[in-house]
Structure formats: structure tokens, C-alpha cells
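Novice: Below are the C-alpha cells for one structure; questions will follow.
The values are calculated or read from the model by the stated rules, or taken from the named source; none is laboratory data. On a predicted model such as this, the values are computed, not experimentally measured, just so you know. FYI the Cβ positions are ideal-geometry reconstructions off the backbone, even for glycines, and counts take in every protein chain you see.
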């Protein structure tokens, strides 16, 4: 199970950004009240890995237990007065997703991706 993060991430970029020690998760959710990341690295626990608010509606965290190949999703909580259930969303910056039958799909369009597997990246930015 992944270690619980405590602060915003230092690694630049959006989406899931793996490095030698941690994976940075960063997503834009400007109206969110809370954001979590859930995945194979935390046994799909929807509340154990919170993201922390940054300026401009960005949320981020660093997860030491996550690695390339892990599946994940963001759990986004709208403000309470919106009366909406938490929303489970894939990462718009990810490189690969699975469908509901757990079959992978990979895009051939590197600048317009909507996918959800951690993958090694050529640079720090997606």
C-alpha cells in the first residue's frame, strides 16, 4: 500500500509523472472541494490518497507506492451545496486506458490523450 502524502507535489507537469522515487499526480479540478487518486497502488481505496490544492484549481500529490504500469483514477468531490456524488474520472493526460472489459486502448495521438495507466514518459511533461 502507498504511503500517505502530506503536501503538494514538487515535480512539474500534469497527469501522472513518474520519477525514481515517487509518482506525482496532478489534475485540474477548479471547482472541487476534495480530490483523491485511487488505483492498484492503494487497493482502489477512494479516500486514502488525497491530493492537495494548488493555485489555479490544480490538485497534486506524490505517491511513493505507485509505479509505471499501475491503473488509477481521480475521485473528485464537488462542493457540498451542489448535491452531487463524488465523480470517478480518468486522467486526461494519461497515455493508456482500459475499457469496461479491462482491455487496453492506446492512442496514436500524443498531444490529445485521454488515458489511465502510468507509463514512462520521454520528458517531465505529458
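Novice: Filter the stretch 43-66 for residues that are touching a helix residue (DSSP H, G or I) at 6+ places or on another chain (Cβ under 6 Å) and over 18 Å from residue 13 (Cα atoms); which is surrounded by the most Cβ atoms within 10 Å (Cβ to Cβ)?
Specialist: 49
Novice: If you take just the strands (runs of 3 or more DSSP E) that sit entirely in the stretch 60-126, which of them hold at least 2 residues that are modelled with pLDDT of 90 or more?
Specialist: 72-77, 87-89
Novice: Six or more apart or on different chains, Cβ atoms under 7 Å: show the pairs whose first residue is in the stretch 50-68 and on the phi > 0 side of the Ramachandran plot and whose second is in a strand (DSSP E or B) and surrounded by fewer than 24 Cβ atoms within 10 Å (Cβ to Cβ).
Specialist: These pairs meet every condition: 57/28.
Novice: Exactly one condition in (1) touching a strand residue (DSSP E or B) at 6+ places or on another chain (Cβ under 8 Å); (2) assigned to a loop (DSSP other than H, G, I, E, B) is not met by residue 16; state its number.
Specialist: Here residue 16 meets the rest and fails (2).
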